[in-house]
Amino acid sequence: MNKIIKPRVTLVGAGPGDPDLLTIKGAKALADANVVLYDALANEEILAYAPKKSIKLFVGKRKGCHEYSQDQINQLIVDNALTYGNVVRLKGGDPFIFGRGSEEIEYIESFGIPTAVIPGISSSIAVPANQGISLTKRGVSESFWVITGTTSSRELSKDVALAAQSSATVVILMGMSKLEQIVALFQNESKGEIPVAIIQNGTMPTEKIGVGTINTITKVVADNSLSSPAIIVIGEVVRESNKLKNFNEKFASNKVWARE
């Protein structure tokens with residue numbers, strides 16, 4: 001007698017990179033998976049939580065290198081759920097923070113397949129926190145923006161210009177290719193001395209951090225070969241980090257610290 005397939009899909013946030021920052025609920029979902037479709041920003045060490053016999057399929061996307069289009073990913077999720085039953089869609093960070101999670105849910109549910117979402121720790125918060133940068137701090141910053149540096153049309157988000165006018169902390173994801181434009185927007189608001197931290201491969205053993213100001217950060221990046229994936233943090237809270245104290249005392253030095 002053929003086994004009845006009961007398709008279902010769970011979107012799991014893999015967190016910012018360090019596998020220990022996966023949630024317990026996410027690990028439990030993986031342990032029950034028949035198929036795992038995982039992104040480029042999801043640490044492959046996390047796949048160890050899935051059964052050895054489960055199918056693991058890489059569907060990651062990086063700048064200039066897309067293993068699958070989003071439409072193909074959507075269809076792969078549905079096809080695997082209908083064929084194998086329980087599918088986990090493992091996405092870096094949180095599925096609903098620039099992760100296109102809602103698009104995938106809408107497509108999956110259009111086939112009558114039940115879904116669930118397990119939130120992940122967003123890199124926008126965790127990566128700065130890992131370096132002692134508190135995005136809000138009494139008397140320093142009352143709010144923060146989290147903005148994508150690159151929109152679906154490959155342009156810089158217009159929200160960056162609005163954020164540059166505020167006193168809030170600004171966190172920009174996927175913005176390294178637009179760094180010069182970002183710097184220009186803040187300079188236009190006479191904020192050249194605002195502190196900036198750029199954190200590459202945040203929470204990972206290969207993490208690198210560059211600290212400077214709006215006026216110096218492009219040189220920091222060039223001198224130290226900082227690149228994507230990286231998070232840009234702009235605001236006075238960068239200066240407040242005790243963990244970055246040595247760099248905050250010498251913003252003009254254009255030095256970078258790399259964690260071994």
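A few points about this structure:
- Computed on segment 1-46, the Cα convex hull volume stands at 86 Å³ per residue.
- For segment 68-146, the extents of the C-alpha atoms along the principal axes are 54, 23, 20 Å, listed from largest to smallest.
- Whole-percent carbon and sulfur share, accessible surface of segment 30-151, 1.4 Å: 53
- Gain on full extension, evaluated as 0.36 nm per residue between Glu142 and Glu106 minus their Cα-Cα distance, stands at 9.5 nm.
- Of the GluC sites (Glu not before Pro) in segment 102-177, the ones in a loop by DSSP (not H, G, I, E or B) with at most 16 other beta carbons within 10 Å are Glu142, Glu155.
- The alpha carbons of the chain give a radius of gyration and a Dmax of 19.9, 73 Å, in that order.
- Between Gln187 and Glu44, the C-beta separation translates, for a Förster distance of 41 Å, into a calculated FRET efficiency of about 0.55.
- In summary, the convex hull built on the alpha carbon positions of segment 1-145 has an orientation-averaged projected area of 10.2 nm².
- Highest-fluctuation residue, Gly93, Gly120, Gly60 considered, GNM on the chain with Cα pairs under 10 Å: Gly60
- Rounded to the nearest 0.05, the FRET efficiency derived from the C-beta distance between Ser177 and Ser69 at R0 = 25 Å is 0.80.
- The residues of segment 3-56 expose on average 54 square angstrom of accessible surface per residue, using a 1.4 Å probe on protein heavy atoms.
- Filtered trypsin sites (Lys or Arg not before Pro), segment 201-247: DSSP coil and at most 16 other beta carbons within 10 Å: Lys243
- Above-threshold pairs, the threshold being 21 Å between Cα atoms, out of Lys25/Lys91; Lys61/Lys91; Lys158/Lys208: Lys158/Lys208
- Between Lys219 and Ser153, the FRET efficiency estimated from the beta carbon spacing at R0 = 25 angstrom works out to 0.30.
The values are calculated or read from the model by the stated rules, or taken from the named source; none is laboratory data. Note that the coordinates shown come from a computational prediction; the quantities given were computed from them, not determined experimentally. Note that we place each Cβ from the backbone using ideal geometry, even for glycine, and neighbour counts take in every protein chain shown. Remember, those area values only see protein heavy atoms, side chains included, never the ligands or the DNA or RNA. Shrake-Rupley method; radii C 1.70, N 1.55, O 1.52, S 1.80 Å.
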